[in-house]
Amino acid sequence: MAVPVSQAWTVATYVLKQKLTGRKKYPLVLMLEPLFRCNLACAGCGKIQYPAHILKKDLSPEACFQAVEECGTPMVAIPGGEPLLHPQMPEIVAGLVARKKYVYMCTNALLLKEKLHLFKPSKYLSFSVHVDGQREHHDMSVCREGGYDIAMEGVRAAVAAGFRVTTNTTLFDGADPNSVRAHFDELMTAGVESMMVSPGYTYDKAPDQKHFLGRARSKKLFRAILSNRKKTWRFNASPIFMEFLMGKKDLRCTPWGMPTFSIFGWQKPCYLLQDGYADSFKELMETTVWSNYGTESGNPHCANCMVHSGYEASGVNYTFGSVKGLLQTAKAIFFSSYKDDDAKKLLVEWKPTHGPLVKITEPVAVKQESNDLQEVSGD
Ligand code: SF4
């Protein structure tokens, strides 16, 4: 099972409740960004280009809890920045666990091993480790030699300590599907619970603008990767979202499905774009002109987007939207190998095209020592 039964049940009953009450636009996962600073400076990242005074700011635990209560989602993802640089992260995580929220703390795992003792294993807490591929590819993607080995060491330490560990892999142009499949094998062998994979987003502010995937190339790449699946692979994404990536399903973006809260407030309209901020979740939902977003809107910023944060909730909504959706999802779960001879040919004929490493400046991360963190207990 890719997620614990209790989590699947909580999410399913939450979504059904939204449907039964006739709520058309509902959030599924809160993207809680308590800081923007990071100890990496990845070429494809659009989050770390803020000036130093912004990078130094943290959301307080109280502000995080207030956002979670306002939004009411059963799941909370904590991206960033690097959450482990936040001095009160254990307190934030413990508070969310106490509220019975399923927390995915997204981390590059550079500090995971040394800070593991500050957290307590719980069915509500998963470390979602950012690993973009096998050693060479990941190191190139995060612009740090040795980054892969440290991240995997963190993964193994967290698994050994009894934590739920998932991974998230972001793919850009030049990704080799054969290597990504081998990477999946490595992750499963390391004991991760399940994996999430998504194309990257074309951030205007990212240092590397050359390696973002267009929609057609994304579908071809994901068809090669996700067809002919191995039985050992487990994914923590909606099966319908994964069919969307493979070009088997058309979905419309639901940007309200994963609303983002950061030091600036509620971000309009989604995790990826910044068209202003709202002071409350209610204001976000009521004042955002949602028709201006999504591929069908003609908004150039949305043209190539197939990113998890825009379409995972669409996949879940599709599942619970009709009997057909439920049946298709059940089929996708029970017959998940997606046998495809043409996809096999794609793997054989794929030509690796590693681009040159992107030269970027040192991260403007503000390193904080582990003793800044106070030991807290979770559930
Ligand atoms: S298509 Fe992508 S960028 Fe556009 S609103 Fe949806 S998630 Fe955001």
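The values are calculated or read from the model by the stated rules, or taken from the named source; none is laboratory data. Please read all numbers here as calculations on a predicted model, not as lab measurements. Every residue, glycine among them, receives a Cβ derived from its backbone with ideal geometry; neighbour counts consider all protein chains shown.
Structural remarks
- Lone unmet requirement of (1) surrounded by fewer than 22 Cβ atoms within 10 Å (Cβ to Cβ); (2) within 8 Å of the ligand (Cβ to nearest atom) for G310: (1)
- Looking only at the stretch 245-263, and only at residues there that are buried (at least 23 other Cβ atoms within 10 Å of the Cβ) and either part of a strand (DSSP E or B) or aromatic (F, W, Y) (or both), the one that is nearest to the ligand (Cβ to nearest atom): T260
- Residues satisfying the stated conditions in the stretch 217-230, i.e. away from the ligand (no atom under 16 Å from the Cβ) and modelled with pLDDT under 95: R217, K220, L221
- Residues of the stretch 28-58 that are modelled with pLDDT of 95 or more, out of contact with any Asp or Glu (no Cβ under 7 Å at 6 or more places or on another chain), closer than 20 Å to S128 by Cα and assigned to a loop (DSSP other than H, G, I, E, B): L28, E33.
- Considering residues of the stretch 190-216 that are at pLDDT 70 or above and within 15 Å of the ligand (Cβ to nearest atom) only, the residue nearest to K248 (Cα to Cα): R215
- Qualifying residue in the stretch 319-337 (condition: modelled with pLDDT under 50, hydroxyl-bearing (S, T, Y) and within 30 Å of F127 (Cα to Cα)): no
- Unmet criterion (only one of (1) in a loop (DSSP other than H, G, I, E, B); (2) over 29 Å from D139 (Cα atoms); (3) among the basic types (K, R)) for K282: (1)
- Criterion (among the polar types (S, T, N, Q) and in contact with a Gly (Cβ under 8 Å, 6 or more places away or on another chain)) met by exactly one of S297, S314: S314
- Close pairs from the stretch 1-20: first more than 18 Å from P239 (Cβ to Cβ), partner assigned to a loop (DSSP other than H, G, I, E, B) and of a type in the set (D, E, K, R), Cβ under 7 Å, at least 6 apart: S6/K123
- Residues in the stretch 264-297 that are away from the ligand (no atom under 13 Å from the Cβ), in contact (Cβ under 8 Å) with a residue 24 or more places away in the chain and surrounded by fewer than 18 Cβ atoms within 10 Å (Cβ to Cβ): S280, K282, M285.
- Counting only helices (runs of 4 or more DSSP H) wholly contained in the stretch 96-206, the ones carrying 1 or more residues that are over 26 Å from Y50 (Cα atoms), free of Cβ contacts under 8 Å to residues at least 40 places away in the same chain and small (G, A, S) occupy 147-160.
- Among the residues making up the stretch 128-146, those that are among the polar types (S, T, N, Q) and either in contact with a helix residue (DSSP H, G or I) (Cβ under 7 Å, 6 or more places away or on another chain) or under 9 Å from N108 (Cα atoms) (or both) are S128, Q134.
- Wholly within the stretch 303-350, helices (runs of 4 or more DSSP H) carrying at least 1 residues that are touching a Leu at 6+ places or on another chain (Cβ under 6 Å) and under 22 Å from S291 (Cβ atoms): 308-319
- Checklist (1) crowded, with 22+ Cβ neighbours inside 10 Å; (2) closer than 24 Å to F222 by Cα applied to E136, failing item: (1)
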